[in-house]
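Asks: So that we are looking at the same thing, I have put the structure below in structure tokens.
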Amino acid sequence: MPPSEPLVELNGITKSYAKPVSLFKRQTLRAVDGVSLSVRQGETLGLVGESGCGKSTTGQIAARLLAPSGGKLLYRGEDVTGAGAGALRRALRRRIQYVFQDPFTSLNPRFPIGRLLGEPLKINRLCGRKERQLRVGEMLETIGLDASYAKRYPHELSGGQRQRIGIARALILNPEFVVLDEPVSALDVSVQAQILNLLKKLQREFSLTYLFISHDLNVIHYMSDKVAVMYLGKIVETADVDSLYSRPLHPYTQALMSFVPADDLRAKREKIILKGDLPNPLAIPAGCPFQTRCAHVHERCLSAAPSLKEASPGHSVSCHLYA
Amino acid sequence: MREAAAIATEASLLDIRNLQIRLRRTRGAGLSVLDGVSLTVERGETIGIVGESGCGKSVLSLSILGLLPSAMRIGGGEIWYEGRHPLHTMTDRDIRAFRGKEIAMIFQDPMSSLNHGLTIGYQITETLRLHLGYSRKEARERAVWLLRKVGLPRPESLLREYPHQLSGGMRQRVMIAIAVSCNPGLLIADEPTTALDVTIQAQILDLMRQIREEDGTSILLISHDFGVIADMCDRVLVMYAGQIVESGTVDDLFERPLHPYTAGLLRSIPTPAKKNSPLYSIEGHVPALHERGAGCRFASRCAHATERCRTEQPELVAYRGGHAARCFLAEAEGGNRHAAV
């Protein structure tokens, strides 16, 4: 893959919600706080973090399913942050697709698979009924099911088959960029392997660009070229996958990496066990967001928030230890 | 297997023999959910049960405590606690004296196993007052001590709070505090960390290790996560379609899996070294209850299945070091060669 221009670029994206705390008072919840990411054509960017850290919100903004409260979203260098519904539909929806974690809740249980898969083609008025059927059949074969599945309903399928349908529905419009939001988290390990293999195969075949969201460090490693680690709405570290897994810099990433089982599962590793929980996202402390759980916390962390700085080429970290 | 003499002198803490769990009143009445499951848990030991969804691992744990769903019943076999309490024949009333006292359980999702409408304090002291006859004051003091033991901050004020005010990790700690409140001999943990984030998962596993070391509690750990099992357990049982297909020490099982299913599962985990090659995946699906034929239940997905595998059911045979497998191939090799996939 030639080192090309970024396909998708998030520039200082924020997303805040007003959460009512009482009848008259509202509090601002910053789900995403100044996130900048870029994904190059043909690449997979892994986004890892714990529940509530804002990774799904970031994914939805990258797919422009949500409008950011601040910052810019560029697609092929073009600003699409403020694109209206019509423009979005015409220009972006076909090129950007989203695969959800739970294929059962994202597939209409009353539609047969054929109709579920044909719907995007119909809405976008891409082809007539005959051709639609043909393309649905082809797509089913591409994802490893046979054309007879078009007549079945979602409840007749297993979890792995349903996730295949979720992927097929995203790919039937021939998109360029696909956001995969925890696509294998609900699946058993043997089925998970099938889906991961399929996603890699499809990426090669259709030269897709992925934003892969997961909390599973093994899965992120397997799928990604680059990885960004999120904590409380911020990117705390980003690097090439090998660099991040072999030389994690941020204390949070270091703790995460200490939980990645070695290739020999029995090899006992020294685990870094963090104190406490994630702080309440409504009351993020001033200074570094990780200060409440960090073993290396010093005075500066309590007052000034670190910013993402390059520690070595291509490896950036947001921590005062490296400033 | 273990020396017979040792078993005779001191009974295992938990001894399950040839347990059958069947469905009541269905079209195919008598379909087996669990089929001939035997296992023992010794004092202070951690046993892991691993398998994919629907393999029967949760049903097994529920049957120990007499908590089977109403559609299922024990169709045969025995469950002995300390060698003298037959849990399989006990009435619901009798088994209640064990549940929460001798044998405690923690579930995957602490939110659905804690009562939303009652304070944390009530839910901890309830067990203590019921099983140990503590007074209100004694129970309160012990509850504060327990909350501190499981690493929760400000225990006094926590007693007055409700489950929804706590985070997932804190709720799971409360569940563990309730579970260990009566110093149980056996703690059954059914996917205790699956709903939790990785950093919290590490904390909870660490807490369970601490409890095992301090109180000598035996743990039956059910998980689909081989990493967690390898980290925590002494021995492991692999379940597939309602049967134990392999059992052995963590080292034996991970280093020399005998059953092709175990070997396949291990190979399908995306560990870092597998990055640039396709992952191994077990084709096909787990047979449903009514699809389980006369042969080996894994035969339809096994690359090495022979005619015999399709018609005849292999037995769980023990080899060197108590490493056992339910596979004709392992039998033919005398358990000397580990399973290829």
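Asks: Go through segment B:46-84 residue by residue and tally those that are within 14 Å of chain A (Cβ to nearest Cβ) and farther than 21 Å from residue B:232 by Cβ.
Replies: Result for segment B:46-84: 1.
Asks: For segment A:191-211, check the following and say yes or no: at least one residue is free of Cβ contacts under 8 Å to residues at least 12 places away in the same chain, at the interface with chain B (Cβ under 9 Å from one of its Cβ atoms), among the aliphatic types (A, V, I, L, M) and buried (at least 24 other Cβ atoms within 10 Å of the Cβ).
Replies: The answer is yes; a qualifying residue exists.
Asks: Select from segment A:253-265 the residues that are surrounded by 15 or more Cβ atoms within 10 Å (Cβ to Cβ) and of a type outside the set (S, T, N, Q) and write down the one among them that is farthest from the other protein chains (Cβ to nearest Cβ). Show your work before the answer.
Replies: Within segment A:253-265, the first condition is being surrounded by 15 or more Cβ atoms within 10 Å (Cβ to Cβ), and the residues that meet it are A:253-261, A:265.
From what's left, of a type outside the set (S, T, N, Q): A:255-257, A:259-261, A:265.
Details: A:255: 6, A:256: 6, A:257: 10, A:259: 5, A:260: 7, A:261: 4, A:265: 4 Å.
Selected residue: A:257.
Asks: Could you list all residues from segment B:130-141 that are buried (at least 17 other Cβ atoms within 10 Å of the Cβ) and either out of contact with any Lys or Arg (no Cβ under 7 Å at 6 or more places or on another chain) or part of a helix (DSSP H, G or I) (or both)? Write out each step before concluding.
Replies: Our first condition is that a residue be buried (at least 17 other Cβ atoms within 10 Å of the Cβ); within segment B:130-141, this holds for B:131, B:134, B:139-140.
B:131, B:139, B:140 - these are the residues of segment B:130-141 that are buried (at least 17 other Cβ atoms within 10 Å of the Cβ) and either out of contact with any Lys or Arg (no Cβ under 7 Å at 6 or more places or on another chain) or part of a helix (DSSP H, G or I) (or both).
Asks: So if I check each of B:86, B:69, which one is exposed (fewer than 15 other Cβ atoms within 10 Å of the Cβ) and in contact with a Phe, Trp or Tyr (Cβ under 9 Å, 6 or more places away or on another chain)? Quick ask: steps written out before the conclusion?
Replies: Working: B:69 fails: in contact with a Phe, Trp or Tyr (Cβ under 9 Å, 6 or more places away or on another chain).
That would be B:86, the only listed residue that is exposed (fewer than 15 other Cβ atoms within 10 Å of the Cβ) and in contact with a Phe, Trp or Tyr (Cβ under 9 Å, 6 or more places away or on another chain).
Asks: From the set of residues in segment B:278-298 that are more than 25 Å from the chain's Cα centre (by Cα) and modelled with pLDDT of 90 or more, which is farthest from the other protein chains (Cβ to nearest Cβ)?
Replies: The extreme case among them is B:295.
Asks: Scan segment A:126-156 for residues that are closer than 14 Å to residue A:172 by Cβ and loosely packed, with under 15 Cβ neighbours inside 10 Å and jot them down.
Replies: Across segment A:126-156, the qualifying residues are A:127, A:131, A:134, A:138, A:141.
Asks: Filter segment A:294-323 down to the residues that are touching a residue at least 60 places away in the same chain (Cβ under 8 Å), surrounded by 14 or more Cβ atoms within 10 Å (Cβ to Cβ) and not in a loop (DSSP other than H, G, I, E, B) and list them by number. Break it down stepwise before answering.
Replies: Let us first name the residues in segment A:294-323 that are touching a residue at least 60 places away in the same chain (Cβ under 8 Å), namely A:308, A:311-312, A:314-319, A:321-322.
Okay, now just the ones that are also surrounded by 14 or more Cβ atoms within 10 Å (Cβ to Cβ), so A:308, A:311, A:315-319, A:321-322.
Those that are touching a residue at least 60 places away in the same chain (Cβ under 8 Å), surrounded by 14 or more Cβ atoms within 10 Å (Cβ to Cβ) and not in a loop (DSSP other than H, G, I, E, B): A:311, A:315, A:316, A:317, A:321, A:322.
Asks: Right, next: Conditions first: (1) surrounded by fewer than 17 Cβ atoms within 10 Å (Cβ to Cβ); (2) more than 10 Å from chain A (Cβ to nearest Cβ); (3) in a helix (DSSP H, G or I). Residue B:315 passes all but one, so which condition is the exception?
Replies: The one condition residue B:315 does not meet is (3).
Asks: Another question about this same structure. Run down A:48, A:32 and say which single residue is in contact with a Lys or Arg (Cβ under 6 Å, 6 or more places away or on another chain) and aliphatic (A, V, I, L, M).
Replies: Details: A:48 fails: in contact with a Lys or Arg (Cβ under 6 Å, 6 or more places away or on another chain).
From the options A:48, A:32, the qualifying one is A:32.
Asks: Out of all the residues in segment A:1-42, which are more than 19 Å from the chain's Cα centre (by Cα) and assigned to a loop (DSSP other than H, G, I, E, B)?
Replies: Within segment A:1-42, the subset more than 19 Å from the chain's Cα centre (by Cα) is A:1-5, A:17-29.
Correct list: A:1, A:2, A:3, A:4, A:5, A:21, A:22, A:23, A:24, A:25.
Asks: Might you check whether a residue that is over 23 Å from residue A:271 (Cβ atoms), surrounded by fewer than 21 Cβ atoms within 10 Å (Cβ to Cβ) and of a type in the set (S, T, N, Q) occurs anywhere in segment B:183-193?
Replies: There is at least one residue in segment B:183-193 that is over 23 Å from residue A:271 (Cβ atoms), surrounded by fewer than 21 Cβ atoms within 10 Å (Cβ to Cβ) and of a type in the set (S, T, N, Q).
To keep it simple, each residue is scored yes or no on (1) within 12 Å of chain B (Cβ to nearest Cβ); (2) within 24 Å of residue A:37 (Cβ to Cβ).
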site: A:249; (1), (2): no, yes
site: A:267; (1), (2): yes, no
site: A:271; (1), (2): yes, no
site: A:288; (1), (2): no, yes
site: A:293; (1), (2): yes, yes
site: A:299; (1), (2): no, no
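Asks: While we're here: Which of (1) within 12 Å of chain A (Cβ to nearest Cβ); (2) touching a residue at least 12 places away in the same chain (Cβ under 8 Å); (3) in a loop (DSSP other than H, G, I, E, B) is the odd one out, the single condition residue B:264 does not satisfy?
Replies: (3)
Let's see how each residue does on (1) touching a residue at least 24 places away in the same chain (Cβ under 8 Å); (2) touching a Gly at 6+ places or on another chain (Cβ under 8 Å); (3) at negative phi:
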| position | (1), (2), (3) |
| --- | --- |
| A:10 | yes, yes, yes |
| A:25 | no, no, yes |
| A:31 | yes, yes, yes |
| A:34 | yes, yes, no |
| A:37 | yes, no, yes |
| A:42 | yes, no, no |
| A:45 | yes, no, yes |
| A:52 | yes, no, no |
| A:55 | yes, yes, yes |
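Asks: Then there's this: Can you confirm whether residue B:124 is part of a helix (DSSP H, G or I), surrounded by 15 or more Cβ atoms within 10 Å (Cβ to Cβ) and at negative phi? So that I can check it myself, show each step before the final result.
Replies: Working: part of a helix (DSSP H, G or I): yes; surrounded by 15 or more Cβ atoms within 10 Å (Cβ to Cβ): yes; at negative phi: yes.
Considered against the rule, which asks whether it is part of a helix (DSSP H, G or I), surrounded by 15 or more Cβ atoms within 10 Å (Cβ to Cβ) and at negative phi, residue B:124 comes out as yes.
Asks: Follow-up. Please work out which residue is farthest from the other protein chains (Cβ to nearest Cβ), limiting yourself to segment B:142-159 and to residues that are of a type in the set (Gly, Ala, Ser) and outside any loop (DSSP other than H, G, I, E, B).
Replies: B:143
Asks: Restricting to helices (runs of 4 or more DSSP H) lying wholly in segment B:44-115: which have 2 or more residues that are of a type in the set (Gly, Ala, Ser)? Explain how you work it out, then say what you get.
Replies: Working: elements: B:57-64, B:92-95, B:110-113.
Fully inside segment B:44-115 and qualifying: B:57-64, B:110-113.
Asks: If residue A:115 meets every condition in (1) within 19 Å of the chain's Cα centre (by Cα); (2) surrounded by 14 or more Cβ atoms within 10 Å (Cβ to Cβ) apart from one, which number is that one?
Replies: Going through the list (1) within 19 Å of the chain's Cα centre (by Cα); (2) surrounded by 14 or more Cβ atoms within 10 Å (Cβ to Cβ), residue A:115 breaks only (1).
Asks: Further question on the same structure: Is at least one residue of segment A:145-166 of a type in the set (Asp, Glu) and in a loop (DSSP other than H, G, I, E, B)? Please lay out each step first, then the result.
Replies: Narrowing segment A:145-166 to residues of a type in the set (Asp, Glu): A:146, A:156.
This time we only want the ones that are in a loop (DSSP other than H, G, I, E, B), so: A:146.
Yes - at least one qualifying residue is present in segment A:145-166.
The values are calculated or read from the model by the stated rules, or taken from the named source; none is laboratory data. Note that the structure is a prediction, hence the values are computed from the model and not measured. Counting neighbours? That spans all protein chains shown, and the Cβs are built from the backbone with ideal geometry, glycine included.
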